[in-house]
Amino acid sequence: MLASVLMDGDLYSIRMHAGRHGDHLCGAERLVHGPELEAAAAALVRRALAHPRGQAESLRISIDRLDLSQIVRGRLPDVRTLAVADFHAGRIAALALLQRAGVAAAAAQAAMASLARGAAPGGVSMRGAMLVGCVSGRRFEPDRARGVRASRMDLAPAAAAALGAALSRHGLDNPQVREALVLAAKVLAAPGIVAELCWSDDPDYTTGYVAAPDLGYVRISELKPRGEERGGRAFFVAEDAWDPQRLLAFLQDVPFLAEDIGTVFPPGENL
Ligand code: WAQ
Ligand code: MG
């Protein structure tokens, strides 16, 4: 299938952004070739109109043709699921995982505290991610409301089919998991990234994750209380070995196509 993606001519990035009362509501994106653009646009519109946090008031679709020679190909991380009793236990587990990945305890705790209180000015969710120094815990993102957005990533068609099958076996096949896995794959492939922490801004979606190159993608059943709308992401950077311009260019602009999936372990297995 991938061969056909590459031979059927141009590949496009298609991105949807929905807003309400001037705020960000949701976004999603795909990489598709020309003949698939129309169906992809319809699916993104449908998705925005059915969003659990409310009805979109504005909806933007952007389409950009990509330079095929720039595509970076990669693999999804392995998936594990940790069941915890509540979000307090979940955050303790996240802290331990982040430390294993090389993030200082104070930096991990500072990032979790920021996400919990709403990391954007005014105590609301950011539209993108914080960039957090893995030793100092300092925040480096240029704009604390927008944050840094990972963009232009997708699964190759064969990988999407394989992922659906592997996730279904464990009852995990939902759009949140699929999309977060693709995003985490791109983030972990980015130069200077040590780990990622995420929990959703959807009030009913309490599962979050910690991802790192050696840990893979570790889902944690509760990272926030049910009903909580504040969510977000922290991308932890190696402060002594990163080039901010290079990192931002990779996350935002370089197209990333995951061609292979990782192993999906059954929920509840020990790490
Ligand atoms: N780049 C950077 N940050 C983003 C992006 C992006 N493309 N999209 C969203 N964010 C940030 C933003 O602050 C959102 O408020 C926050 O992440 C959460 O986004 O394995 O649904 O789309 O069961 O609500 C993770 C667990 C679900 C999935 C994550 O995130 C699983 C989720 P949401
Ligand atoms: Mg959301």
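Just so it is clear, none of the values below were taken in a lab; they were calculated from the coordinates. Predicted model, so just to flag it, every value in this text is computed and none were measured. Positions of Cβ are generated from backbone atoms using ideal geometry, with glycine treated the same way; all protein chains shown enter the neighbour counts.
The C-alpha radius of gyration of the stretch 1-93, expressed as a fraction of 2.2 N^0.38 Å, stands at 1.45. Here the relative contact order of the chain, from alpha carbon pairs under 8 Å that lie six or more residues apart, stands at 26 percent. Would you mind classifying the stretch 55-102 by shape? Square roots of the alpha carbon gyration tensor eigenvalues, ordered a ≥ b ≥ c; an a/c under 1.5 is rounded, otherwise it is prolate if a/b is larger than b/c and oblate if not. Cα axes put the stretch 55-102 in the oblate bin. Taking the inverse of the mean reciprocal distance over all distinct Cα pairs, the Kirkwood hydrodynamic radius of the chain comes to 18.8 Å.
Amide H contacts of GLU239 (H built 1.01 Å from N, in plane; Pro and chain starts excluded): CYS134, VAL135 sit under 5 Å, all sequence-distant by 5 or more or on other chains.
Rounded to the nearest Hz, the phi-derived 3J(HN,Hα) couplings of the stretch 165-171 under the Karplus curve 6.51 cos²θ - 1.76 cosθ + 1.60 (θ = phi - 60°) are 5, 5, 6, 4, 4, 10, x, where x marks glycine and proline.
Here is the result for the stretch 127-231: no GluC sites (Glu not before Pro) lie in DSSP coil with at most 10 other C-beta atoms within 10 angstrom of their C-beta. Note that the stretch 85-148 shows a convex hull volume over its alpha carbon atoms of 81 Å³ per residue.
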